[in-house]
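The values are calculated or read from the model by the stated rules, or taken from the named source; none is laboratory data. Worth saying up front: this structure is predicted, and the values here are computed from it rather than measured. Cβ sites come from the backbone with ideal geometry, for glycine too, and all protein chains shown count toward neighbours.
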Amino acid sequence: MDRHRVAIAEVRELWRRSGGTTAPLGLSELTALYEAQLDGVDTLDDFKARPLRLELDALVPPATRQALLALPDAVEVREQAVPLEYDVERLSDGAPRGVVRLLLPEKLARTLVQEELPLLDRPQRFSVARGRRGVLEARSLLELQELLDRPWMPDEIAEATRERPLPRQDRERGAPRPGGTGAITAGHPGMEDGRAAADGGADLTHGQGAHSPGGSIFVVRG
């Protein structure tokens, strides 16, 4: 519900800051919470009259909430404020692990060394926003710097190598896909659309004339 948006966002942020130990309040948990409060409601009037509550203290104890909100939102690196984002990763056994992501400006990220990183209470991850080109994310500073040195973003590489469908008119003509092999026609190796693939462009059509090795008959018109 709209009036609960701020409280829901806070509970989810507390979950990330706790490393996954507090109530997550995902869609399934939120649905169950509302369904329990709507038990016995059968009409629209009953629904309108039933107050729906979201008690923060019941989801996260006040002392825990205060401690988690006291975690830093940013750190200082080379006299620059670097924002922090808290998140939860899943280990191979499914257990949650809290991490913190440093949102670095690109110029700083390129020249930063490990010894300049702040000491935090959990493993660090790194990201650099590059405007419309997207965001680079890495598990270590070294990995981030290697990604920054590449001329292309990972998404740009994926887009460039993705096979695109041919235009309709090319599909109807049997044109090959970019990077693919030519179509074989008329039962003759290397033939495409009735023309020789590599004989200088001689026109080969069915008719009376020379026999090909595959048994088809072609007339060669220079």
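Brief remarks on what is shown
- Verdict on LEU144 being assigned to a helix (DSSP H, G or I) and outside the structural domain of VAL6 (by TED's automatic domain parsing): yes
- Just one residue in the set LEU30, LEU38 is of a type in the set (A, V, I, L, M, F, W, C), closer than 24 Å to GLU89 by Cα, without any contact (Cβ under 8 Å) to a residue 60 or more places away in the chain and surrounded by 10 or more Cβ atoms within 10 Å (Cβ to Cβ); that residue is LEU30.
- Some residue of region 64-77 being in a loop (DSSP other than H, G, I, E, B), over 30 Å from HIS4 (Cα atoms) and not assigned by TED's automatic domain parsing to the domain that holds ARG17: no
- Summed over region 11-30, residues that are β-branched (Val, Ile, Thr) and modelled with pLDDT under 90 total 0.
- Which numbered condition ARG97 misses (of (1) in a strand (DSSP E or B); (2) modelled with pLDDT under 90): (2)
- On inspection, GLU76 passes the criterion of being under 29 Å from THR21 (Cα atoms) and surrounded by 10 or more Cβ atoms within 10 Å (Cβ to Cβ).
- When the test is whether a residue is over 25 Å from ALA95 (Cα atoms) and under 30 Å from the mean Cα position of the chain (by Cα), VAL6 passes it.
- ARG65 vs. criteria closer than 22 Å to ALA95 by Cβ, among the basic types (Lys, Arg) and surrounded by 13 or more Cβ atoms within 10 Å (Cβ to Cβ): no
- Taking the numbered list (1) at pLDDT 95 or above; (2) more than 20 Å from ARG122 (Cβ to Cβ); (3) of a type in the set (A, V, I, L, M) in turn, ALA81 passes all entries but (2).
- The single residue among LEU71, LEU54 that is touching a residue at least 24 places away in the same chain (Cβ under 8 Å), closer than 29 Å to LEU103 by Cα and surrounded by 12 or more Cβ atoms within 10 Å (Cβ to Cβ) turns out to be LEU71.
- Condition met for LEU59 (more than 30 Å from ASP149 (Cβ to Cβ), at pLDDT 95 or above and among the aliphatic types (A, V, I, L, M)): no
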